[in-house]
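Colleague: My questions will all concern the structure given below.
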Amino acid sequence: MKTILCYGDSNAWGFVPAMATRYAPDVRWTGVAAGILGDGYRIIEDSISGRTSVYEDPCVNCRCGSAGLGYSLLAHAPIDLVILAVGGNDLKFTDSDGSMRGVARLVDLVRNADAVYDAYSPIFPNGCKILLLGPTVFSPDIPVKRPGHALAGSAEESTKLSEKYRRVAEEKGICFLDESQYAYPSDADCIHLTPEGHAKIGKAVAEKILEILG
């Protein structure tokens, strides 16, 4: 059995656009991927709406990705693959360069997890493998449709994230998948994915997992 930890934000959590409810397990992309992979693989979902890479939200608790990462890795070890699916929320606090540095920091924490988090047994007994996902973009309509949202001014910057994340993956020698090539946000809220988007990303992620672990 291969154990895969998905450490993500609202689109990995399965946020229903404009509803703030959650898609059913078999609809969100993690569940789609699990269904394709079958019994030999276990995908653990650890995702929170609003999660950043390394940035603290002064208004909402428990959203800093780096602060929660160690708990997740230690709780779910041993792990074969970590999927990092965060970054879009960073644009509430920084630009795409800042987000790139944030996800690079997460990658380093995962790769050095045994030492950083004082693990009593290896977190990655078969070697540390990481899949970094490039985030989907925000709709350019977001300033008009959601002018008061914290991400309303970040649509253009969001289009730069995936290419910068790809650069991180290449520099760190880890795997990469660009979600923005498979899905686009719903017109309902300009940020979150439709069921169709989840299905496409889930299929792409499953194929990538088989490439990495198969």
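The values are calculated or read from the model by the stated rules, or taken from the named source; none is laboratory data. It should be emphasised that the depicted structure is a prediction, and the values quoted were computed from it without experimental measurement. In this analysis, Cβ positions are derived from the backbone assuming ideal geometry, glycine residues included, and neighbour counts consider all displayed protein chains. Heads up: the accessible areas ignore ligands, DNA and RNA and are worked out on the full protein's heavy atoms, side chains in. Shrake-Rupley method; radii C 1.70, N 1.55, O 1.52, S 1.80 Å.
Colleague: Using a Gaussian network model of the chain with C-alpha springs under 10 Å, which one of R111, R28, R51 is most mobile by mean-square fluctuation?
Modeller: In this elastic network of the chain, the residue with the biggest mean-square fluctuation among R111, R28, R51 is R111.
Colleague: Also, quick follow-up: Would you please classify the overall shape of the range 71-214 from the alpha carbon gyration tensor, given that a ≥ b ≥ c denote the square roots of the eigenvalues, rounded means a/c under 1.5, and beyond that prolate means a/b larger than b/c while oblate covers the rest?
Modeller: Values: a/c = 2.23, a/b = 1.67, b/c = 1.33.
Prolate shape, in that a/c is at least 1.5 and a/b is the bigger ratio.
Colleague: On alpha carbon coordinates alone, what is the Rg over Rh value for the range 1-49, Rh being the Kirkwood radius? Intermediate results must be reported in sequence, preceding the final value.
Modeller: Values: Rg = 11.1 Å, Rh = 11.1 Å.
Expressed as Rg/Rh, it is 1.00.
Colleague: Once neighbouring chains are kept in place and the probe is 1.4 Å, which whole percent of the accessible area of the range 62-208 is contributed by carbon and sulfur?
Modeller: Of the solvent-accessible surface of the range 62-208, carbon and sulfur hold 49 percent.
Colleague: Could you calculate the FRET efficiency of R101 with D39 from 1/(1 + (r/R0)^6), where r is the beta carbon distance between them and R0 is 45 Å, rounded to 0.05?
Modeller: 0.70
Colleague: Still on this structure, I have one more. At 222 nm, what value in deg cm²/dmol follows for the chain if DSSP H runs of at least 4 each add -39500 (n - 2.57) and the sum is divided by all its residues, to the nearest 500?
Modeller: Mean residue ellipticity at 222 nm (helix-derived): -11000 deg cm²/dmol.
Colleague: Accessible area per residue of the chain at 1.4 Å probe, in Å²?
Modeller: 45 Å²
Colleague: Per-residue HN-Hα couplings for the range 204-214, Karplus 6.51 cos²θ - 1.76 cosθ + 1.60 at θ = phi - 60°, whole Hz, x for Gly and Pro?
Modeller: Karplus values, whole Hz, x for Gly and Pro: 5, 5, 4, 4, 5, 4, 5, 5, 7, 10, x.
Colleague: Further question on the same structure: Quick check: the angle from helix 161-172's long axis to the longest principal axis of the chain, C-alpha only, nearest 10 degrees?
Modeller: Relative to the chain, helix 161-172 is tipped by roughly 20 degrees.
Colleague: Given a 1.4 Å probe and heavy atoms of the protein chains only, how would you sort M19, M100, largest accessible area at the top?
Modeller: The ordering from most to least exposed comes out as M19, M100.
Colleague: How much solvent-accessible surface does K208 expose, in Å² to the nearest 10, with a 1.4 Å probe and all protein chains in place?
Modeller: Accessible area of K208: about 40 Å².
Colleague: Over 25 Å between Cα atoms, which of K2/K200; K129/K200; K2/K164; K172/K208 qualify?
Modeller: Checking Cα-Cα distances, K2/K164 exceed 25 Å.
Colleague: With all protein chains present, calculate the accessible area of L151 using a 1.4 Å probe and round the result to the nearest 10 Å².
Modeller: Near enough 0 Å² of accessible area.
Colleague: Using R₀ = 22 Å, calculate the FRET efficiency as 1/(1 + (r/R₀)^6) where r is the Cβ-Cβ separation of N112 and E171; round to 0.05. Write out the running numbers ahead of the final one.
Modeller: Numbers: r = 16 Å, r/R0 = 0.72.
Plugging the Cβ-Cβ distance into 1/(1 + (r/R0)^6) gives 0.90.
Colleague: Set the Förster radius R0 to 25 Å, insert the Cβ-Cβ distance between V144 and N61 as r into 1/(1 + (r/R0)^6), and round the FRET efficiency to 0.05.
Modeller: E between V144 and N61, to the nearest 0.05, is 0.25.
Colleague: Starting from the 7 Å offset along Cα-to-Cβ, what nm value, one decimal, do you get for the label separation of A20 and S121?
Modeller: 4.1 nm
Colleague: What are the ³J(HN,Hα) couplings of the range 97-109, residue after residue, when phi is run through the Karplus curve with 6.51, -1.76, 1.60 and θ = phi - 60°? Round to Hz, x for glycine and proline.
Modeller: 5, x, 5, 4, 5, x, 5, 4, 5, 4, 4, 4, 5
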